[in-house]
1. For chain A, take the longest principal axis of its alpha carbons; what is the angle in degrees between that and the long axis of helix A:306-319, to the nearest 10 within 0 to 90?
2. So how compact is region C:422-536: Cα radius of gyration and Dmax in angstrom?
3. When the dipole is taken about the Cα centre of the protein assembly as shown, and only Lys, Arg (+1) and Asp, Glu (-1) are charged at their Cβ, what size is it in debye, to the nearest 20?
4. Counting other Cβ atoms within 10 Å, which trypsin sites (Lys or Arg not before Pro) in region C:493-550 have at most 11 and lie in a DSSP loop?
5. Net charge within 11 Å of C:Cys522 by Cβ-Cβ distance, Lys/Arg positive one each and Asp/Glu negative one each, not counting C:Cys522 itself?
6. Compute the longest continuous run of chain C that contains no exposed GluC sites (Glu not before Pro); treat a site as exposed when its DSSP state is not H, G, I, E or B and it has at most 10 other Cβ atoms within 10 Å.
7. Rounding to the nearest 10 and keeping the result within 0 to 90°, find how far the Cα-based axis of helix B:242-255 lies from the longest principal axis of chain B.
8. Specify whether the C-alpha gyration tensor of region B:57-148 places it in the rounded, prolate or oblate class, a ≥ b ≥ c being the square roots of the eigenvalues: rounded for a/c under 1.5, otherwise prolate if a/b is larger than b/c and oblate if not.
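None of the figures in this text is laboratory data; all of them are computed from the coordinates on show. Values in this document were obtained by computation on a predicted structure and should not be read as measured data. Cβ sites come from the backbone with ideal geometry, for glycine too, and all protein chains shown count toward neighbours.
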Amino acid sequence: MILVVAEQRDGILNRATWETLAAAQALAGDMPVKAVIFGQSVGTAAQEIAPAASDVVVVEHAALGTYTPDGFAIALQQVAISLKPAFVLLPHTYQTRDFAPLAALRMGAALITDVTGINGTGTAATFSRPMFQGKLSADVRPHGNGPVCVSIQIGAFRADAVKRGDAAAITRLDVNIDPSAIRQSPEAPFKEAKQAVDLGQAERIVAVGRGIKSQENIAVAERLASAIGAEIAASRPICDSGWLPMDRQIGSSGQTVAPKLYLALGISGAIQHLVGMKGSRTIVAINKDADAPIFEVADYGIVGDLFEIVPAILSELEKG
Amino acid sequence: MKIAVCIKQVPTREWQPRLNEARTWIREQDASYELNEPDAYALEEALRLREKHGGEVVVCAAGPARVQQVIREALARGADRAIHVEDDSLASADASVTSAALASAMGDERFDLVLTGLQSDDHGHAQVGVMLAERLQMPHSTIIMEVQIEASTGSGQAGRLRVKRELEGGWFQWIGMPLPALLTIQSGINQLRYATLKGIMAAKKKEIRKAPLPGGLTPSQQIVSLALPMRSKQTHMIGGPPSEAARDLVRRLREEARAL
Amino acid sequence: MTETLDVDVLIVGGGPAGLSAALRLSQLQKAHGGEPISVAVLEKAREAGAHTLSGAVLDLSALRELIPDYVAKGAPFATPVHRDHVYFLTQKSKLRFPIVPPPLQNHGNVVISLNAFVRWLSAQVEAEGVDLFTGFAGRDVLFDGSRVAGVRTGDRGIAKDGTRKSEFEPGVEIRAQVTIFCDGVRGNLTKELIRRLALSKDREPEQYAVGLKELWDIPKDRIEGGTVIHTLGYPLLEDQFGGGFIYTMPEGRISIGFVVGLDYRDPLFDPHMAFNRFKQHPFVTELLEGGALVRYGAKALPEGGWNTIPRTYMDGALIAGDAGAFLNSMRLKGIHLAMRTGMHAAEAAFEAIREGNTSASSLKRYQDKIDAGPVRAELYPVRNVHQAFGHGLFAGLAFSGLTLVTGGRWFENLHGKPGHERMKMLAWYYGLDVPASRTSNATTIDRKLTFDKLTNVHYSGTTHDEDQPAHLLVHTEVCTSVCGPEYGHPCVRFCPANVYEIIRDPGQPVRLQINASNCVHCKTCDIMDPYQVITWVPPEGGGGPQYTGM
């Protein structure tokens, strides 16, 4: 049985939970997939998951109302003892990174983090994960007797690939948590306007290169970026000229990103830039030069004038 | 305050990957090494806390002999002494083994605070810090941006920490914890100081305690093979006048790639 | 608060010359006992060896003297040299020299990675307890009047706009009784010394070449390790100095490169393109087929020989290694000479300090050791060779042949002109027919065999802290006024790392863009710029290439 640990905040499921369910279904083979939700008043979230799992286990406790690594690790360990899953899958979120290693160690379980692919099904499966900042991909086999814990990289599996069927039963599981065993005292989360933009978190990026020709023209790219909910980024020459701030730079002397969609406008694709973005899931390149190296890593390429093509894309988007 | 900083030596960012014959690990001869970037920020944070609250900073590292390079760098920047669990097998060890190796050498020291980087630039497991906390029987918090120490009241009670933890999407959270505790530190939270000439000279005289790798450690996972990520998709060139090309592209992005 | 340090001997540069000097000093200390002599070595790279590259084939004579038990100490050699070949290339074919000219016979020598060798040498030095300060660049010479008092290192933590960052550390003043300058080819500190103290008076002008090199992994059984190949001819013209080299190592690793004299006449010539063309010769293309590029690098070489060596001793200082132009351009070897002069400098400094007199007259014993020993014996007979090549390839070859036979006797000293003065203006070289293509020797780039500079630079591993002022000081009024029409902006072509770009934005005046962080510290620009308006100064310590294996 594969147990998926759902993540929620204030009763709302994190989208990555669906991606983890998709991963679990890919791994499962014949095994059933169950989901577990920790928290307080998570009934609605449980019902959302129900069509995608064979059982949804709700674990509610006062100590789990606010997330703490100690609370969640204790709860997960007890759930694992009770349900005896072969695998425990979690989304590779900041929260998972905060408590999963603790739970895994206490369970004597292997924890394979940041997994991008699953090879095979069931207990013979191996797991792909990036190493050396994405320069290499490792195929990893777990060892040991406990449940195999796996955290799934955000965006590696498609949330819409989750197979749905009849709504599963929702069961409750009680856990014992001694409040004094929780050593963290969290205060309420708050939002802060971050100084530097973190392109690493962006799902879509529109990047401009020399082909944009002038600072004023960047507005064209920005319109496209807002139309598709993307962040604006640039290759090095644009930032060197001061047309965009340095924290928008992608490449060996800037940030490395791997968003779902990367649109390269007027970027030639010098290797210094490619190393910063070639891990993106879908790469679209628009450039006048048919020999530009960017086309070697692009999924879709258009040889043409970006000043004609981008407006055409904008009108297409408005239609849809 | 007795502060430990766990540091790791990793291949430099510019290193081009080359694999050994069996493709189970990298070819180390071709690599140049440097201090893992998040660990550098952890070290800087520790040095600042020592400047503010007094005490000593001890760097702890697990790895082959070449790890001396980053230990000396940390000592040159101002750490007081070092602990090195030396063994060649630690170069490719998983988080379970690495945390056990470190804990075996650190346990008796009774550190008040342990800082690690949030993850390493080579393995990227993001597990050693949390596992080490458990092995040292300390509470932990991860991806920390700011550390405030509320000193002990002096009546035998240990002090307390208040730390700012980074959440996704621009959210943050303050967390209170008792000392001793372990924190994994986010990159970029402070400005790294340079090693001075005097610091480099003094580093040569500072103690580096060698500790043996404990026996009986079993790995929790194994790398079956390493590969350069392959691009399985072909480049699809879209032709035609701009309006047609745009239409084709948008359709494919929506239906094929599901990127819009 | 400026940090200061006082030592007895300061060695600037942690390459073969500097490290040999440091090691020799500790040997002398041990042998003679007495008052301990404090030694410090400054190296601008993050680790010793990171900025060093060469072909390289090492003459073991100096190493045998410095470290007799080098084998037991694990000196890293790739392979002994098993065979030498010299070829004359035409565009499509090659002619083998039936006899390898004696200076190019390498029997008894070894193929090495200079980077690996220097790393090993630095470990020997550190084992002796010598302070090796890596990541510290010598920025200015400290003078007491005309006496060299030491060196000031560069400030660290200055932002691009010149303001101090919060982690700012001022440069350190290191004062020494004797400073041994081993700052390499066209070393910025040696350049300052030469200028301030007129050290080149009565000497021939310095001559340079630039060496471009790549490390490749090719299928293992294609060519035997220990093969040393030198080529002349294609793709260079008769009036261009240089040639190719291929040194093979075990396991399919090969070192391949091309040397171009920095005295070519054609302002539209690009040395890096010549290297690409060399690789496109069928013989080379076949050799590299199916292989992979591992690393790239470039560095200048001091080619002028004996008559261009400046005065190398002065009050409080000595100059050794490439900085003093101690390179045998006929044998294409300089490492053993760097080591030997480093050792002589150490001996001279030691004796002078023990006698309590570090004035020029006392330190002159350094020159005496050079004159009396193998350094002069090797360099004097071939003193005119490079200058002879100034008259063309065949004249140079003929002259070299004669030199061999006569041992350099009978000839008056030939004179040379500084290389950058030989570059002709566009109108002089091309008349009215200036070609539209801005590079006269351009060729196709496929990014598998041949590469554009930007891709190549990626493989040099060069990085610099981005937020610092550009370390290439240029009088840009020249760039925006006369250089274009007169020479066509040759910096764009002679820099092997794409540091210089001329930007012609529509409606904007032409401007020079300096991509300082691409710099591989080769010094070509400082040497070759026809107006001499480019000055290379060291960037913040630690920045630069990462020549692992080179």
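1. The answer is roughly 50 degrees.
2. According to the Cα coordinates of region C:422-536, Rg and Dmax are 14.9, 45 Å.
3. On the way: 116 positive and 125 negative charges, 239 e Å.
With only Lys, Arg, Asp and Glu charged at Cβ, the dipole is about 1140 debye.
4. Details: sites: C:Arg493, C:Arg504, C:Arg511, C:Lys523; in loops: C:Arg504, C:Lys523.
Those that pass, being in a loop and sparsely packed, are C:Arg504.
5. Summing Lys and Arg as +1 and Asp and Glu as -1 gives +3.
6. On the way: sites that count: C:Glu238, C:Glu412.
Counting at most 10 other Cβ atoms within 10 Å as exposed, the longest clean stretch of chain C is C:1-237.
7. 60 degrees
8. Numbers: a/c = 1.34, a/b = 1.11, b/c = 1.21.
Here region B:57-148 falls in the rounded category.
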